[in-house]
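For reference, the structure is listed below as structure tokens.
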Amino acid sequence: MAKYLAQIVIMGVQVVGRAFARALRQEFAASQAAAEARGRAGTQSAAASSFTGMTLQEAQQILNLSTLTPEEIQKNYEHLFKVNDKAAGGSFYLQSKVVRAKERLDEELTIQQQNTRPGWKQQGES
């Protein structure tokens, strides 16, 4: 009886292991296809998201921005930073989110400026 139970458990683990491996390969392939579709700018933006730990959309929501202009970013950043100052009864956590959002948006502006410079070429272009 114990022998059959052990065989059933082993078969179950093998089935789940194969399914997990297949799902992992599919996810990896889909991730690479999406990265290739985004191109160089998308890769830089993804790297910036990874570095700051925040997506562009999340940063825009935190600073309440619909367009990326340095003036709007700075204005909203200063207001939200002051409002969330711990000395004024604010939250250090929210204040740090505001700082990270500004860093992410500044990085995105830098990426956009690099990509719009004359003579800039994507990888693979001659």
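In table form, for the structure just shown:
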quantity	calculated
Residue under evaluation ALA21, criteria (1) open to solvent by less than 50 Å² (accessible area, probe 1.4 Å); (2) modelled with pLDDT under 80, criterion not met	(2)
Looking only at region 43-62, and only at residues there that are assigned to a helix (DSSP H, G or I) and among the small types (Gly, Ala, Ser), the one that is modelled with the highest pLDDT	ALA59
So LEU65, is it outside any helix (DSSP H, G or I) and modelled with pLDDT of 90 or more	yes
Residue under evaluation ALA87, criteria (1) at pLDDT 90 or above; (2) more than 30 Å from ASN115 (Cα to Cα); (3) surrounded by fewer than 10 Cβ atoms within 10 Å (Cβ to Cβ), criterion not met	(1)
Single residue of region 105-126 satisfying the filter (at pLDDT below 50 and among the polar types (S, T, N, Q)) that is nearest to GLU72 (Cα to Cα)	GLN122
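Residue-by-condition table, conditions (1) at pLDDT 90 or above; (2) open to solvent by 100 Å² or more (accessible area, probe 1.4 Å):
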{"position": "LYS3", "(1), (2)": "no, yes"}
{"position": "ILE8", "(1), (2)": "yes, yes"}
{"position": "MET11", "(1), (2)": "yes, yes"}
{"position": "GLY17", "(1), (2)": "yes, no"}
{"position": "PHE28", "(1), (2)": "no, yes"}
{"position": "ALA34", "(1), (2)": "no, no"}
{"position": "ALA41", "(1), (2)": "no, no"}
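The values are calculated or read from the model by the stated rules, or taken from the named source; none is laboratory data. All values derive from a computational prediction rather than experimental measurement. Backbone-built Cβ (ideal geometry, glycine too); neighbour counts: all protein chains shown. Quick note on the areas: whole protein, heavy atoms, side chains included, nothing else; ligands and nucleic acids left out. Shrake-Rupley method; radii C 1.70, N 1.55, O 1.52, S 1.80 Å.
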